[in-house]
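Below: the structure, in C-alpha cells.
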Amino acid sequence: MSPTDLAVQEKQATAHRQRVVNDFSIQVATVNGSGSQTANMVLLRSILLMGVPVSGKNMFPSNIAGLPTWYTIRASKRHYIARKKEVDFLVAMNPETAKEDVLTLEPGSAVVYDEPLKLNALRNDLVFYPVPFDKLVAPVCPDAKLRRLVKNMIYPGVLAKILGLDMKLMEQALGKQLGKKAKAVVLNAGALKAGWDYAEATFTKQDPFFIEPMNETAGKILIEGNAAAAIGCMMAGVTVVAWYPITPSSSLCESLISYMKKYRVDKTTGKATFAIVQAEDEIASLGMVIGASWAGARSMTATAGPGISLMTEFTGLAYYAEAPAVIFNVQRVGPSTGLPTRTAQGDLLMTAFLSHGDTKHIMLIPSSVEEAYTMAMQAFDLAEHFQTPVFVMMDLDLGMNNWMSDAFTYPTGPINRGKLLTEAKLKELGSWGRYTDVDGDGIPYRTIPGDHMPAYFARGSGHNAKGQYSERPDDYVENMDRLNRKFETARTHVPRPVVQTNPKAKIGFIAFGTSHFATEESRDQLREETKVETSYYRLRAYPFTDDLVKFVDAHEHVYVIEQNRDAQMRQLMKLELSPERQTKLRSVLHYNGLPIDARSITDDVLAQEGFEVAKKTSRVQGAGMTGGE
Amino acid sequence: MATPVKVNRIGLEPQTYKGSKTTLCAGCGHNAISERIIDAFYEMGVDPRQVIKLSGIGCSSKSPAYFLGGSHGFNAVHGRMPSVGTGAMLANKKLIAIGISGDGDTGAIGIGQFVHLMRRNLPIVYIIEDNGCYGLTKGQFSPTADLGSKLKTGVVNDLPPIDTCALAIELGATFVARSFSGDKKQLLSLLKAALAHRGTVMLDVISPCVTFNDHEGSTKSYAYVKDHDNPLEEVSFVPYFEDIAVDYEPGSTQEVTMHDGSKLYLKKIEEGYDATDKINALRRLQETARRGEFATGIIYIEPDRDDFLTQLNLVDEPLATLPLDRVRPGKEALDEIMEGLR
C-alpha cells in the first residue's frame, strides 16, 4: 500500500461508522466478456450459502465483449431483493468507467480497485483498497492467454477477506458455478486464494461492511426468471415451441431446450415428446404456435417488444379464429430497438389490444421467479380454456437476473385442455357449430384435425356461429359480442391480486411484476421513516378482477407504480373506472432502464403527498455507456 | 336394384372429396386445379379426416373451401401459411398437409416464409396457383409476372419474374414441379405423385386469371401458356397399391421409386433430362425461360431425403394428443433441478 493510501485512511478513521452487517450493496464494474459473470455468481452464491438473503442484478451492454458492465449484489437481512439505489461497496475493474463510478459514491463507501488506476487520488471521503491484479494473477495462472479471465476471480477473494465471507463456502460456490471443468476450478480457486492472501497480508479493515452468518436461506434456490418460466412450460406439458432469438427472452427458450432434452426424451425409444423450432422470425414463430395449437398441441413462443410488434397480425388471427397461444413477452426498453439490455414494463398497452380491429387479450404478470414458474403453467390452461392468446408479461429484470426463491412446488392435479368436442358431447348437443356459445360463457367447443370429429375451416375473415364465411352484419355483431363475453368470463379465471389492506391507510399502492419488491420495501420506508401507512394491491393479471374498484374506493389516493413513461397500467384502469375513481389514481413512474428501487418510490410518493423530501444528490450508478457505435 | 355406388380403395365415394360451391370466376384456372385435387385424393384413397388444408390470402387461398369439405382447413394471414402449416405438422405428424398459395401470396409478401419452408423439407404439398397477377384486388402485377407482360390497362411489367421452381430447387425442396391448370392428365399425375412423397412438394401451376390476365400481350393467358408449354417428360404415376407393370424401352424413361413404394415413370421428351440432377434442372429452367417457354412436369425430385419431422426425432404418436404422464416429468425431475440451483 502506498503512503498516500494510509493518509487517506487515517482521515476516514475519524469518520468511523457503526458496523453495517448484512445490509449493503456491492457493485462490480467490469468489461463485458471478461469472465466477471462467474466471479459475481460465486460472490452471490457464497453470500446465500452463508444464510444471508441476497439478490444480484446485471447491468450489461448490448454487446458481446469490451464494453462496460456493472453487477450489483445486495445482501439484505430484511429480505429486500429489489435494486438498492445507493452503492456501498465498489469493485472498480474497468478503467473506462472507474473515475465516474468513484465520483458518484456516497461518502463512507468502500472501493476495491485495480492499483494502476490510482483512484485514491480522486476523493478523501472513501475507503480505498488498491489491488495489483496483474501482479497477483501471473503466479496462479501460468498460461498468459487465460489470465484475462482468471484475473477476475481475484476480487471475490479480496472481498471475502474484507467482508468476512467463508472461503470454504466460496470454494463450494465456485465448484457449483464451474461444474465439471476441473482445470478451470483449480485455476480459479488459486485466484480466489491469491486475492484472500493479498488482502490478509496488506489491508486493515477500514470500512463498516460485514457479512455474518444467518439462517435465512435454508433450502433457497437462485434462478433466473427465464429458467423458472421454462421449467413451468415443461411441467405444463408444452409440446411445440417456436422461437426467434431476441434479448432478453432468448434464455427462456434456451433453458427450455436443455431441460426438455434432459427430461422429455422418451426413455424407451430415445425420441422427443416435443418439437422446438428456431423459426426465421417472430412472425413465423407465432404462425407455428397457432398452427400447432389449432392442431391440438400445447404450444408457445417467447420474445420481447420488437417481436411482439411483429406478431401483431397473427395475434389478431389467433384471437378471431380462436386458437390458443402462450406468448412470453420478456419486456425490454422500447420503442424500436430501444435499450435491448435494460428493463421496462412498457408493452402493456400494446399487448392488451394487440391487432387491428377490436381485440383484448389476457395478460399474466408474474412478480417473482416462483410466479414465472406457476404462471407459465396457468397460461397454458387459460389459453386452451379460452382458446385465445395469453401473454405472460415478464421483464428483463425478472427474466435475466438471478433471484433467490423458495424451491418450486410440483404441480398437482390435471391440466385444463379446454372444451374439446367429444362423441358424447356431440350426442348431447345434437349439432355442433365451431363458434356457437352453448354454455353462455362465450367459449365454444372445438375440434382438432385428426380427431375424426366434425371438421371446420378456421379463418381470419368474417364467420358465423357455424364457422362458415359470412359478411352478414348480425353474424359479425353476434360473434364479436360473444368474444367480448368470453373476455368477461376470463375476469373470474385469471390469477387474483394479492391484497394487503391496512385500515389506517389513506394511501393505496398498486404495483405489478418486478416493481413488487421495491414497492414492499418502500412501504416499510414510509412506515418507519415518516409514519405513512399504505395498503397494497399487487396486480397479477389483465383483465382486472372485480376487487379493483373496492380497493380504489377504500383509499384517498391510489398510486399505480409502474416502469414506463406513459402510466400504461393506470390508463388501462381508467378505461374501466368511473370518472370519480379515476381522479384518485396517481402515478409513480420509473423508466430509466434500471430496475425500480424503493427509495425512488418513497421519495416520489412523499413529494406528491406534500412532504418535504431531501433532495438526494446520489446519481444513478451503472448508468451505461454512450457513443462507441 | 340400386346401381352400385363407385367407391375408392378405402370405400369412400367421390362426393366425399368435394367441398362447397366455388365463388371464383367462371373459367378460373383455380377451379380446374380444385377438381384435380379432388380426383387425386379420391384416387389415392386418402382419408379426408387426416388431411389439413392450408392457405394464405387471395383468390387461390379461398379455394381450399371448394375441395375436401370433410377436412379441417385454416385460411391463415397473407403470405404466412407456411408457418401455420409447419406448426400443425409439428403437432401431428400423422396429418397430410396441402397448402394452396398464389403467386403474390408466395412471391411477394410470403417469400420469406416460402424460403424457409423449402429449406426445412416439411412434409406438405405446396401449390402455387400462379396467374401472374393479384386477382382479388383487380389485376395488379405479381412477382411472377414475366418481363414485358402487359396488363389490361396497357402497363408493361419491366421487372424480372421470380421463378418459384428454380428458387425451390435452390433452397432444398425435394419435389419441384410445374404444370398448367389446363393440362388435366399431367396435373393429376403430379398431384398423385405428390401425395406419395414424404417431404416438401412445390408445385407451381400456371392458372390463368380469366378476368384480369387473359388478354393479348399477357404471358399468363390460356392461349399463351398453351403455346409455350414445354413438357420435360410424360409423367406416369403408379401408386404402391396398384399392381401395374409398366414396360418401357431402356433409356427412354426415368423410373423413380417414391417414399411409400409408389413408382413414377418419367418418359423423356427432352433428350437426356434427369429429374434427380439438381444442376441440370436449374439449367433447364433457365433455358426454357430464355425461350419464353414454361418447362412443365417433374423438374427436380429427391425421393429419399429425411423430412423435417424425421430430423426432429419425434415420438411416433402425434405430439398433440400425448397423455399428461408423457409430457410432465415426475417430481424427481423437479427435485433434481431444484437441488442444482441451491
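Nothing in this text is a laboratory measurement; each read-out follows from the coordinates by a stated rule. Owing to the predicted nature of the structure, the values given are computational and were not obtained by experimental measurement. Because the Cβ atoms are built from the backbone with ideal geometry, glycine has one as well, and the counts that use them run over all protein chains shown.
Direction-averaged projected area, Cα convex hull, the range A:22-99: 5.0 nm², rounded to one decimal.
For the range A:141-239, the square roots of the Cα gyration tensor eigenvalues, ordered a ≥ b ≥ c, give a/c of at least 1.5 with a/b no greater than b/c, which places it in the oblate category. Just report the Cα centroid separation between the range A:526-561 and the range A:445-468, whole Å. First find each Cα centre; the distance between them is then 44 Å. For a test of the definition: using alpha carbon positions, the gyration tensor, and the 1.5 limit on a/c, classify chain A as rounded, prolate or oblate. Prolate is the answer for chain A, as a/c is 1.5 or above and a/b outweighs b/c. To the nearest 10 degrees, how steep is helix A:369-386 against the longest Cα principal axis of chain A, on a 0 to 90 scale? Around 10 degrees separate the two axes. Full extension of the segment from A:ARG565 to A:LEU420, taken as 0.36 nm per residue of separation minus the current Cα-Cα distance, would add 48.0 nm.
Between B:LYS267 and A:ARG496, the distance separating the two model label sites (each 7 Å from Cα on the Cα→Cβ line) works out to 7.7 nm. The distance separating the Cα centre of the range A:356-387 from that of the range A:161-221 comes to 40 Å. Listed by chain and number, the aspartates and glutamates whose C-alpha is less than 12 Å from the C-alpha of B:LYS21, apart from same-chain residues fewer than 8 away, are B:GLU35.
Rounded if a/c is under 1.5, else prolate if a/b beats b/c, else oblate: with a ≥ b ≥ c from the C-alpha gyration tensor eigenvalues square-rooted, which is the range B:120-196? It comes out prolate by the Cα gyration axes.
Once both labels are positioned 7 Å from their Cα atoms along Cα-to-Cβ, the gap between B:ASN8 and B:ALA26 label points is 3.0 nm. Normalised by 2.2 N^0.38 Å, where N is the number of residues, the alpha-carbon radius of gyration of the range A:493-564 equals 1.06.
Working note: 222 nm ellipticity from helices only, DSSP H runs with n ≥ 4, each -39,500 (n - 2.57), summed and divided by the residues of chain A, gives -11500 deg cm²/dmol to the nearest 500.
The residue list B:ASN313, B:PRO250, B:THR276 was ranked by how far each Cα lies along the charge dipole of chain B toward its positive end, using unit charges on Cβ atoms, and B:ASN313 comes out on top. Between the helical axis of A:36-49 and the longest alpha-carbon principal axis of chain A there is an angle of about 90 degrees. Taking 14 Å as the straight-line reach from the Cα of A:LYS271, the aspartates and glutamates in range (excluding those fewer than 8 positions away in the same chain) are B:ASP316, B:GLU317. Taking 17 Å as the straight-line reach from the Cα of A:LYS181, the aspartates and glutamates in range (excluding those fewer than 8 positions away in the same chain) are A:ASP143, A:GLU171.
The angle between the Cα long axis of helix A:250-263 and the main principal axis of chain A comes to about 80°, on a 0 to 90 degree scale. Distance between the pseudo-spin-label points of B:GLU249 and B:ASP227 (7 Å out from Cα toward the beta carbon): 3.2 nm. The relative contact order of chain A, computed from alpha carbon pairs under 8 Å that lie at least 6 residues apart in sequence, is 13 percent. Cross-link check: pairs A:LYS57/A:LYS118; A:LYS57/A:LYS205; A:LYS427/A:LYS486; A:LYS550/A:LYS584; A:LYS99/A:LYS135 evaluated at a Cα-Cα cut-off of 20 Å; pairs beyond the cut-off: A:LYS57/A:LYS118; A:LYS57/A:LYS205; A:LYS427/A:LYS486; A:LYS99/A:LYS135. From its DSSP helices (H runs of at least four residues, each -39,500 (n - 2.57)), chain B gives a residue-normalised ellipticity at 222 nm of -8500 deg cm²/dmol.
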